[in-house]
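Structure first, commentary second.
The values are calculated or read from the model by the stated rules, or taken from the named source; none is laboratory data. Since we're looking at a predicted model, the values are computed, not measured. Note that we place each Cβ from the backbone using ideal geometry, even for glycine, and neighbour counts take in every protein chain shown. Note: areas computed on protein heavy atoms with side chains; ligands, DNA, RNA excluded. Shrake-Rupley method; radii C 1.70, N 1.55, O 1.52, S 1.80 Å.
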Amino acid sequence: TCNDPVKTVGSIGDFSCECANGVKTTGASATCETDECASMPPPCGSGQTCNDPDKASNKLHDFECVCDSDKSVKKIDGPATCDKDECGSNPCGNGQTCNDPAKSVGSIGDFTCECSNGVKATGSAATCETDECASMPPPCGSGQTCNDPDKASNKLHDFECTCDSDMSIKKVDGPATCDKDECKLNPCGMDQTCNDPSKTVGSIGDFTCECKNGVKATGAAAICETDECAGMPPPCGSGQTCNDPDKASNKLHDFECVCDSDKSVKKIDGPATCDKDECGSNPCGNGQTCNDPAKSVGSIGDFTCECSNGVKATGSAATCETD
């Protein structure tokens with residue numbers, strides 16, 4: 001609409017042009033067309049398409065926002081409310097609960113995934129599985145086997161420790177107390193007393209072995225036996241046999257010396273006095289007189305042989321014949 005209020009030559013250029021939407025200019029035609037969708041920031045927002053159906057009329061507040069996710073959802077003069085439940089595409093997978101609180105295009109990525117054990121993640125599937133047995137340091141310790149029966153649920157404090165020495169002994173959420181009597185394996189052998197004071201897996205090797213004579217060892221069998229006859233020099237001497245009847249008890253001063261010439265002659269803890277008459281074996285032969293003055297093992301070879309004519313020899317038969 002054009003209007004010249006003065007209508008005189010002296011007021012050339014004072015006319016006005018007015019658009020239907022009220023936009024005016026003076027002295028020239030007005031620019032009436034306005035695209036509200038081109039404004040910044042965009043009037044509809046993300047996930048929506050803006051359309052101004054009457055740009056030529058320069059009419060304001062007639063733009064339309066249409067949801068990209070559902071073209072039937074739209075609004076004039078403002079952003080539409082576009083419902084979009086992201087859980088519909090099952091982004092969490094099986095075994096997790098999905099929740100999209102806003103369910104709108106403008107809140108893409110705000111869905112949550114929740115595991116059965118309460119572990120949650122936003123915008124993606126949660127990591128539910130946790131194997132507590134894989135933690136470092138190992139939760140059960142040495143000599144025990146760890147088992148987490150419910151890893152998939154991500155449940156905590158349900159792992160189980162089982163004693164390797166006795167599978168019936170176990171504990172949930174912590175190391176078991178494993179009784180282990182090392183003496184049951186008879187590590188000391190015969191004639192020794194075994195004692196395991198703690199009887200736990202954590203104290204392997206603390207058992208003691210004790211001999212009858214009081215000799216002890218820890219973690220291994222004790223050396224109880226002492227053979228006094230094996231001493232050097234030999235305790236009994238020549239012509240005697242040594243016997244230690246109680247080597248296993250490690251008892252000292254109980255060895256026995258027995259005369260080889262007469263087994264009935266013996267002595268404990270020292271050499272025996274062994275009488276030995278060398279003439280008993282008739283070393284001189286017939287016709288000679290044999291004499292053994294010492295008659296002891298320590299004087300072997302001191303016997304004498306004497307002929308009837310007085311000829312003598314020591315340690316062997318004499319030569320009696322004289323031509």
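For E278, the criteria (1) in contact with a helix residue (DSSP H, G or I) (Cβ under 7 Å, 6 or more places away or on another chain); (2) among the charged types (D, E, K, R); (3) open to solvent by less than 80 Å² (accessible area, probe 1.4 Å) hold in every case but one, which is (1).
Matching residues to (1) in contact with a Ser or Thr (Cβ under 8 Å, 6 or more places away or on another chain); (2) assigned to a loop (DSSP other than H, G, I, E, B); (3) among the β-branched types (V, I, T):
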residue	(1), (2), (3)
N117	yes, yes, no
T130	no, yes, yes
G141	no, yes, no
S165	no, yes, no
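Taking the stretch 39-80 as the range and being surrounded by 13 or more Cβ atoms within 10 Å (Cβ to Cβ), at pLDDT 85 or above and not in a loop (DSSP other than H, G, I, E, B) as the test, the residues that pass are Q48, T49, C50, N51, E64, C65, V66, C67, K74, K75.
V265 satisfies every condition listed in (1) open to solvent by less than 70 Å² (accessible area, probe 1.4 Å); (2) closer than 30 Å to D227 by Cα; (3) touching a Phe, Trp or Tyr at 6+ places or on another chain (Cβ under 8 Å) except (3). Looking only at residues in the stretch 81-95 that are out of contact with any Asp or Glu (no Cβ under 7 Å at 6 or more places or on another chain) and open to solvent by less than 40 Å² (accessible area, probe 1.4 Å), the one that is modelled with the highest pLDDT is C92.
Per the conditions (1) without any contact (Cβ under 8 Å) to a residue 40 or more places away in the chain; (2) more than 30 Å from S198 (Cα to Cα); (3) touching a helix residue (DSSP H, G or I) at 6+ places or on another chain (Cβ under 9 Å); (4) not small (G, A, S), the sole criterion not satisfied by K267 is (3). When we screen A20, A38 for residues that are of a type in the set (A, V, I, L, M), over 60 Å from the mean Cα position of the chain (by Cα) and within 30 Å of D83 (Cβ to Cβ), the only hit is A38.
Could you list all residues from the stretch 156-191 that are under 13 Å from G219 (Cα atoms) and surrounded by 12 or more Cβ atoms within 10 Å (Cβ to Cβ)? Give the derivation first.
Of the stretch 156-191, the ones under 13 Å from G219 (Cα atoms) are 181-183, 185-189.
Of everything in the stretch 156-191, those that are under 13 Å from G219 (Cα atoms) and surrounded by 12 or more Cβ atoms within 10 Å (Cβ to Cβ) turn out to be D181, E182, C183, P187, C188.
When we screen C113, C133 for residues that are surrounded by 14 or more Cβ atoms within 10 Å (Cβ to Cβ) and under 15 Å from the mean Cα position of the chain (by Cα), the only hit is C133.
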